[in-house]
Amino acid sequence: MRIRNRLRIACCTLALSGAVHAQDLLIDHQPIALPSIADLGGSERKTSDLEQGIATVLSQTFGLPVTAHQDKRGVLTVESSAGRLYGLPLSPLRRGGNTSDGLATRDNGAVDISRGGVTITLIPSLADLQLAVRRLRGQFGAGAELEVREDGSLLLTTGERPRVTDAGVYSLRPEWAATPSSGKEGLWKLDDGRYVFRDQGREQQLRPAFADMPALLAALRASDPAVVWSLNTDATLSARLHGRLYRFTPDPRLIQMPECYRNQSWWLEAGDFYLPSRDGKTAQRISVE
């Protein structure tokens, strides 16, 4: 069984061996929900042409030596003297066109890396997806689940342990980089309101993420077809609607979908904007300034 379609692409000496095997991502016999992840064709002993191409582009971009290696579960580790970054390469890779070598950031925060006529899209990832689920289930119970979405954001269901005061469903997006940490492992909310995930002596910050970005953009365009928007580095969204600039900030913790709004595509309440999630069971509060 594969996560989605198996794909083979050849371009010059570059080759894509296929998609990551779903069985490589089983946790307690249950798969992690993932978008289609590309297998870059490397191994523990040998760096593939695709991995080397990524390293070359990033080295030229950052101005320092870079290595790139994908583990068997799909996570790509990019390492330099500045630290480590973690990402997932999406399948299918794109071939051809007039794309020059280099790096470009997408509106949703994903990154396109182009080399030799092949473009690879990377989304941010936790450093070890299997370990992340094990940590979550150890912290919150067997009902904890993790879903990785196509922009790199995570849907975390923590389970229902009574002693866990913040049990629920969260929409969060990991930072690319991990930093050393001696803190307690697992998912934590810090005193300053930030969320972090810690494992194996490292820590990644998690920012609130929009649970359904396409639905949010559709609502904005319905209000003003000429809307101009941009995703900010702090995970908020800025949009100019009807000549006025607004800032949208997602609440990371989702709420149960109110029955009275079940047939609404969005609604306003106490000055906040609410948007149903894709599952139809939850909704997200989005503050507007």
Inset, instruction - Among the numbered conditions (1) surrounded by fewer than 16 Cβ atoms within 10 Å (Cβ to Cβ); (2) in contact (Cβ under 8 Å) with a residue 40 or more places away in the chain; (3) over 30 Å from Leu131 (Cβ atoms); (4) under 24 Å from the mean Cα position of the chain (by Cα), tell me where Glu289 comes up short. - result: (4)
Inset, instruction - Go through (1) free of Cβ contacts under 8 Å to residues at least 60 places away in the same chain; (2) in contact with a Gly (Cβ under 7 Å, 6 or more places away or on another chain); (3) of a type outside the set (D, E, K, R); (4) more than 21 Å from Ile286 (Cβ to Cβ) and name the single condition Met257 misses. - result: (4)
Legend entry - Which listed residue, of Gly87, Gly83, is at positive phi and not hydrophobic (A, V, I, L, M, F, W, C): Gly83
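The rows are residues; the columns are (1) modelled with pLDDT of 85 or more; (2) surrounded by 18 or more Cβ atoms within 10 Å (Cβ to Cβ).
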residue	(1), (2)
Pro162	no, no
Asp166	no, no
Ser182	yes, no
Gln205	yes, no
Ala211	yes, yes
Legend entry - Pairs where the first residue, in segment 205-228, is touching a residue at least 60 places away in the same chain (Cβ under 8 Å) and the second is part of a helix (DSSP H, G or I) and surrounded by 20 or more Cβ atoms within 10 Å (Cβ to Cβ), C-beta under 7 Å, 6+ apart: Phe210/Leu216
Inset, instruction - Take segment 89-119 and flag every residue that is within 15 Å of the chain's Cα centre (by Cα) and either farther than 23 Å from Lys189 by Cβ or surrounded by fewer than 17 Cβ atoms within 10 Å (Cβ to Cβ) (or both). - result: Pro89, Leu90, Ser91, Thr105, Arg106, Asp107, Asn108, Ala110, Val111, Asp112
Inset, instruction - Kindly indicate which of Ala177, Ala226 is on the phi < 0 side of the Ramachandran plot and either surrounded by fewer than 14 Cβ atoms within 10 Å (Cβ to Cβ) or out of contact with any strand residue (DSSP E or B) (no Cβ under 7 Å at 6 or more places or on another chain) (or both). - result: Ala226
Legend entry - Test: residue in segment 206-219 that is over 22 Å from Arg253 (Cβ atoms) and not assigned by TED's automatic domain parsing to the domain that holds Lys281: no
Inset, instruction - Scan (1) farther than 21 Å from Thr282 by Cβ; (2) in the same structural domain as Trp267 (by TED's automatic domain parsing); (3) modelled with pLDDT of 90 or more for the single condition Arg198 breaks and write down its number. - result: (2)
Legend entry - Matching residues in segment 180-201 - criterion: being part of a loop (DSSP other than H, G, I, E, B) and touching a strand residue (DSSP E or B) at 6+ places or on another chain (Cβ under 8 Å): Ser181, Gly183, Lys184, Glu185, Leu190, Arg194, Gly201
Legend entry - Residue match in segment 136-149 (condition: buried (at least 17 other Cβ atoms within 10 Å of the Cβ), farther than 16 Å from Ala33 by Cβ and either over 21 Å from the mean Cα position of the chain (by Cα) or modelled with pLDDT of 85 or more (or both)): yes
Inset, instruction - Return yes or no: is Asp49 within 22 Å of the chain's Cα centre (by Cα) and at pLDDT 85 or above? - result: no
Inset, instruction - Being of a type in the set (Asp, Glu) and at pLDDT below 90 is the filter here, so list the residues in segment 229-265 that pass it. - result: Asp234
Inset, instruction - Please go through segment 58-88 and pick out each residue that is more than 17 Å from Gly152 (Cα to Cα), surrounded by 20 or more Cβ atoms within 10 Å (Cβ to Cβ) and among the β-branched types (Val, Ile, Thr). - result: Val66
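The values are calculated or read from the model by the stated rules, or taken from the named source; none is laboratory data. A quick note: this is a predicted structure, and the numbers were derived from the prediction, not measured. Please note: Cβ atoms are built from the backbone with ideal geometry, for glycine as well, and neighbour counts cover all protein chains shown.
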